[in-house]
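Peer 1: After the structure tokens below, expect a handful of questions from me.
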Amino acid sequence: FSSRRRHTRSGPQSRGLGDVYKRQGVLIKNAEALEKMDKVNTLIVDKTGTITEGKPTVETVGAFSCDLSEKEVLQYIVSLNTSSEHPLAEATVKYGKEHNAEILKSQDFSAVTGKGVEAKTYQKQGKTVSYLAIEKTVVGYVVIGDRIKDTSAKAIKALQDKGIEVIMLTGDNHDTAKAVASELNLADFKASMLPEDKLEEVEKLQESGKVIAMAGDGINDAPALAKSDVGIAMGTGTDVAIESAMITLVKGDLNGIVKARNLSDSVMKNIKQNLFFALIYNTLGVPIAAGVLFPFFGILLSPMIAALAMSFSSVSVIANALRLRNAKI
């Protein structure tokens with residue numbers, strides 16, 4: 001994390017606080033992120049790798065055609081996916097190798113960014129189903145599961161209890177997205193979303209007056225992360241997503257967003273308290289030092305006392321700010 005940690009540091013005090021919150025699993029790039037996080041009223045979350053573990057595994061391989069066996073379907077699927085870097089492709093390749101599938105040489109390989117797949121069976125259980133087609137005829141399929149993180153449901157409810165609307169945007173199909181949204185009690189979700197669709201959704205919500213935080217982990221999420229008011233990247237995600245975001249959650253789970261919101265609330269309250277302390281000291285100290293009470297009471301503020309008061313003002317502000325090190329987030 002050496003290249004990422006520099007974003008949390010700007011001096012001795014910020015380094016100390018940065019280390020504290022890094023232990024909490026929250027990396028903050030700049031103070032602006034904390035200020036904006038306090039105002040966020042809508043959170044957009046990706047599904048794969050953000051709500052789910054992002055560790056897809058193949059559960060079933062099947063054949064629709066009598067001309068192909070399940071073993072041959074697996075062979076074709078693995079051979080096609082060998083050149084892909086997509087997590088689902090990697091899952092099928094791993095499964096194929098575990099089952100000793102022979103990898104065939106493929107030609108004219110191309111990957112279409114953000115495109116999903118469709119099917120009508122396992123998707124209602126929250127699974128992703130990918131078809132294998134030969135000459136536009138579907139001959140087989142592979143069912144891929146990605147377990148929902150244990151922390152996702154609790155974190156989403158905690159954010160909703162704070163009055164934050166949570167919306168899931170995913171490139172997966174509608175049935176799979178609906179199953180996941182139903183399990184997490186998410187009333188609002190959109191499926192089959194391409195990277196540009198997610199970006200447009202962020203822009204549309206911003207135009208309606210919403211303050212948007214976007215949480216994601218993949219290349220497909222980077223444009224929306226950069227456009228949102230507060231971009232939040234999973235530390236377990238891609239470097240592109242992390243560089244596009246203001247906040248990085250080291251542990252890669254949604255509990256980090258709850259902590260970031262709590263931290264933002266604490267920081268903004270602390271800032272207001274410090275401004276109050278400074279205002280009180282200056283409101284009382286400056287007129288007295290200028291002699292406003294002398295004509296009435298003969299009171300003048302000794303330069304030594306004035307210097308002590310100003311020092312005490314600074315100490316009070318610093319001491320109050322240091323309480324953030326022990327803030328429960």
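Peer 1: Can you find a residue that is at pLDDT 80 or above and surrounded by 14 or more Cβ atoms within 10 Å (Cβ to Cβ) anywhere in segment 105-124?
Peer 2: No - not one qualifying residue is present in segment 105-124.
Peer 1: Is it the case that some residue within segment 254-269 is of a type in the set (A, V, I, L, M), modelled with pLDDT of 75 or more and either more than 31 Å from the chain's Cα centre (by Cα) or not in a helix (DSSP H, G or I) (or both)?
Peer 2: yes
Peer 1: For SER84, all conditions in the list (1) at pLDDT 80 or above; (2) open to solvent by less than 30 Å² (accessible area, probe 1.4 Å); (3) closer than 19 Å to ILE134 by Cβ hold save one; what is the number of the exception?
Peer 2: (1)
Peer 1: Report, by residue number, each residue of segment 154-168 that is assigned to a helix (DSSP H, G or I) and open to solvent by less than 10 Å² (accessible area, probe 1.4 Å).
Peer 2: Once the filter is applied, which keeps residues that are assigned to a helix (DSSP H, G or I) and open to solvent by less than 10 Å² (accessible area, probe 1.4 Å), segment 154-168 yields ALA155, ILE156, LEU159.
Peer 1: Quick check on my filter: what residues within segment 182-206 are touching a residue at least 60 places away in the same chain (Cβ under 8 Å) and under 13 Å from GLY126 (Cβ atoms)?
Peer 2: LEU184, ALA191
Peer 1: Follow-up. Contact list please: Cβ distance under 6 Å, first residue in segment 156-181 and at negative phi and small (Gly, Ala, Ser), second residue surrounded by fewer than 23 Cβ atoms within 10 Å (Cβ to Cβ) and at pLDDT 90 or above, pairs at least six apart or on different chains.
Peer 2: Matching pairs, first to second residue: ALA158/VAL258; ALA177/PHE189; ALA177/ALA191; ALA181/PHE189.
Peer 1: Given the options VAL58, VAL93, VAL78, VAL73, name the one that is in a strand (DSSP E or B) and crowded, with 16+ Cβ neighbours inside 10 Å.
Peer 2: Checking each option against the conditions leaves just VAL58.
Peer 1: Just give me the residues in segment 130-153 being assigned to a loop (DSSP other than H, G, I, E, B) and surrounded by fewer than 18 Cβ atoms within 10 Å (Cβ to Cβ), in sequence order.
Peer 2: Those that are assigned to a loop (DSSP other than H, G, I, E, B) and surrounded by fewer than 18 Cβ atoms within 10 Å (Cβ to Cβ): GLU135, LYS136, ARG147, ASP150, THR151.
The values are calculated or read from the model by the stated rules, or taken from the named source; none is laboratory data. Fair warning: this is a prediction, and the values are worked out from it, not measured in the lab. As a convention, Cβ positions derive from the backbone with ideal geometry for all residues, glycine included, and neighbour counts pool all protein chains shown. Keep in mind that these areas ignore ligands, DNA and RNA; they rest on the heavy atoms of the full protein, side chains included. Shrake-Rupley method; radii C 1.70, N 1.55, O 1.52, S 1.80 Å.
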